[in-house]
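The values are calculated or read from the model by the stated rules, or taken from the named source; none is laboratory data. Just so it is clear, the model here is predicted, and its values are computed rather than measured. Using ideal geometry, Cβ is built from the backbone for each residue, glycine included, and neighbour counts are taken over all protein chains shown.
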Amino acid sequence: MPSQASDKNAPPPLPEPLLVSVADSHTHLDMQSGTVEEALVKAASVGVTTVVQVGCDVNGSRWAAETAAAYDSVHAAVALHPNEAPRIVHGDPDGWSRQGAREPGGDTALDEALAEIDRLAALPHVKGVGETGLDYFRTGPEGKAAQERSFRAHVEIAKRHGKALVIHDRDAHADVLRILKEEGAPERTVFHCYSGDAAMAEVCARAGYFMSFAGNVTFKNAQPLRDALAVAPLGLVLVETDAPFLTPAPYRGRPNAPYLVPVTVRAMAAVKGVEEDVLAAALAENTARAFDY
Ligand SMILES: [Zn+2]
Ligand SMILES: [Zn+2]
């Protein structure tokens, strides 16, 4: 009989509760097991009392907006993920996205999808536009133009509605920073799953961009990320799970969920050299300011 302890797929245990409540600034409840209700109750039991639910395609963004309308502790962000935009334009025979296999739709299909994101971004429970940005890890050169066009459109939508911009930046730091500068970044811009080094953190700090750290800041090989966190101003730092991905150490590889935020907060407090409660208070305040709730 397999024992619980050796089951690599078992959910990690509940961490010690935080004494000061924080928000999970970026999660995907629709990709996690169990109900929304269960996830929220479990998270709140350890001091994670607010979550930002992030949509990655049109259906996911509609769901995020509906879920935020249904639960006081959920806020929504809506967008076409940087890997979703090229699939809409060029087609997705493998059906990698949750919307399944599809024919190439060209720029017209992208415009239609963006119009729906624009409509959702106006809703009161939608506090952010994203995740958008650039992903050079999963999208090859053929998808670059669609990705960039989608990114620029999301920046414009965020500014017009006065919502936070949530950036996904994978292996694309210089181009993301350049495009933000060219378009003019919204007043509140969040680098989700911050992945730059300390030098980039200083650039972000000067621009007033929020930096949201995920469970990978706990990984053994993530010293450059911890160096970035060390120089990031306390007033610009957020915490997130990006669940079900990026489960913090020592639970790497097991399913992630908002209730695991305290594990990452404790690792971050050690890096910053501040008390857990002091960091938690800053994280809570910063997330509320970033998403204006
Ligand atoms: Zn992302
Ligand atoms: Zn995400």
Selection within segment 226-253 - within 16 Å of ligand 2 (Cβ to nearest atom) and buried (at least 22 other Cβ atoms within 10 Å of the Cβ): L238, V239, E240, T241, D242, A243, T247, P248
Going through segment 64-104 in order, the residues found to be of a type in the set (A, V, I, L, M) and over 21 Å from D30 (Cα atoms) are V89
Regarding H154, is this residue in contact (Cβ under 8 Å) with a residue 40 or more places away in the chain, closer than 18 Å to H81 by Cβ, within 16 Å of ligand 2 (Cβ to nearest atom) and part of a helix (DSSP H, G or I)? yes
What about V274, is it assigned to a loop (DSSP other than H, G, I, E, B) and β-branched (V, I, T)? yes
Out of curiosity, is T189 within 17 Å of the chain's Cα centre (by Cα), under 18 Å from V22 (Cβ atoms) and surrounded by 15 or more Cβ atoms within 10 Å (Cβ to Cβ)? no
Just to be sure I understand, how many residues within segment 99-109 are within 14 Å of N59 (Cα to Cα) and either surrounded by 13 or more Cβ atoms within 10 Å (Cβ to Cβ) or at pLDDT 95 or above (or both)? 1
With respect to T264, is the statement that it is under 18 Å from the mean Cα position of the chain (by Cα) and either surrounded by fewer than 24 Cβ atoms within 10 Å (Cβ to Cβ) or more than 30 Å from G162 (Cβ to Cβ) (or both) true? no
Identify, please: which residue in segment 31-69 is polar (S, T, N, Q), touching a residue at least 40 places away in the same chain (Cβ under 8 Å) and farther than 23 Å from V129 by Cβ and is, among those, nearest to ligand 1 (Cβ to nearest atom)? S33
Which members of segment 44-70 meet the condition of being among the hydroxyl-bearing types (S, T, Y) and either assigned to a helix (DSSP H, G or I) or surrounded by 17 or more Cβ atoms within 10 Å (Cβ to Cβ) (or both)? T49, T50, S61, T67
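Condition check ((1) among the hydroxyl-bearing types (S, T, Y); (2) within 14 Å of ligand 2 (Cβ to nearest atom); (3) surrounded by 14 or more Cβ atoms within 10 Å (Cβ to Cβ)) across all residues:
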residue	(1), (2), (3)
I88	no, no, yes
W96	no, no, no
A121	no, no, yes
V126	no, no, yes
E131	no, yes, yes
A146	no, no, yes
Segment 71-101 - residue that is part of a loop (DSSP other than H, G, I, E, B) and within 16 Å of ligand 1 (Cβ to nearest atom) and, of those, farthest from A115 (Cα to Cα): W96
Residue count, segment 102-138 (criterion: part of a helix (DSSP H, G or I) and of a type in the set (G, A, S)): 5
For segment 187-199, pairs from a residue that is within 11 Å of ligand 1 (Cβ to nearest atom) to a residue that is modelled with pLDDT of 95 or more and among the charged types (D, E, K, R), with Cβ under 8 Å and 6 or more apart or across chains, are F191/D169; H192/E131; H192/E240; H192/D242; C193/E240; C193/D242; S195/D169; S195/R170
Selection count, segment 190-219, where residues are away from ligand 2 (no atom under 16 Å from the Cβ) and either of a type in the set (S, T, Y) or more than 19 Å from A267 (Cβ to Cβ) (or both): 11
Hey, among H75, H26, which residue is within 14 Å of ligand 2 (Cβ to nearest atom) and under 21 Å from A284 (Cα atoms)? H26
Does A121 meet the test of being touching a strand residue (DSSP E or B) at 6+ places or on another chain (Cβ under 7 Å), in contact (Cβ under 8 Å) with a residue 12 or more places away in the chain and within 22 Å of V22 (Cα to Cα)? no
